[in-house]
C-alpha cells in the first residue's frame, strides 16, 4: 500500500499522437523517445496496434477526489529524484469488468522491483466516484487477505481515464452469472466462501453484488472477492441475520448450525 501515497506529474510528449490516433489517424512515432518516468506501454495484440509510451500520474485518494471534481486538476509534481522509471505494460483486455469499468491484464514493476502479474481496472473520469468506492474498499480490507492487493492508483493523460493496479489474485469461479448449484463447490469450499464474506462484513463492508464472476480462487485454493462498485462501507454487521450473509447462506446451501459456529 506504500505506492498509493506517492504522486507523479509527467509532461506528456504524446498528446498530439493520441489526439490524432483517437480520430482514426496513424501518425508516425519514428525518432521519438519516451520519457524516463512513470509510463505505460499500450499493447493490444488483438488489433495489431502497439501504441507509444503514455505517461501516467501516480495518485493519492485526495488527487482522485480533486480529479472527479475538476478535470483540470493535476497532482503536485514530485522532486526530480522521485521520478523513477516504473513500468506498466497492458497486454490485453480481460473478459471480466464491472458495470462502468474495463479490466485489462498487465504486468507492473516499480523501479528496481520484480515484474508482477496484475489487473488494471479503469474508469472514465466521470465515474471516478466508483473508482473512489473501490479504492476505499481495498484500503479498508487491505490486511484481510480476502481482496486483491492494491499496488497503485493511476490517472492517464491526455485520455480521460484513471484506474487501479491490482494483484492478479486468481481465476473467477465463473465468467457469467452461473447458478450456485452449477459451480460444483465442495461443502468445505462453501463454508470457506461464506467465511470470506463474513470477514468482509467484519471489516465494515457490504459487497452488494455477490456473484460467481466476482469471486476469485487463488492458486492456494483460498477465495478472494472483487468488483466493489455497488459496495457500501461503515457496515455494522448483525451476524448471520444480515441480509447479504443470509442470502449467501441460502445460495450456498448451508444450514443455520453451520454458519453460527
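Just so you know, all these numbers are worked out from the coordinates, no wet-lab data involved. All of these numbers come straight from a predicted model, not from anything done at the bench.
Applying 0.36 nm per residue to the separation of residue 91 and residue 247 and subtracting their alpha-carbon distance, the gain on full extension is 52.4 nm.
With the largest listed first and rounded to whole Å, the semi-axes of the equivalent ellipsoid of region 171-253 from the Cα gyration tensor are 20, 14, 12.
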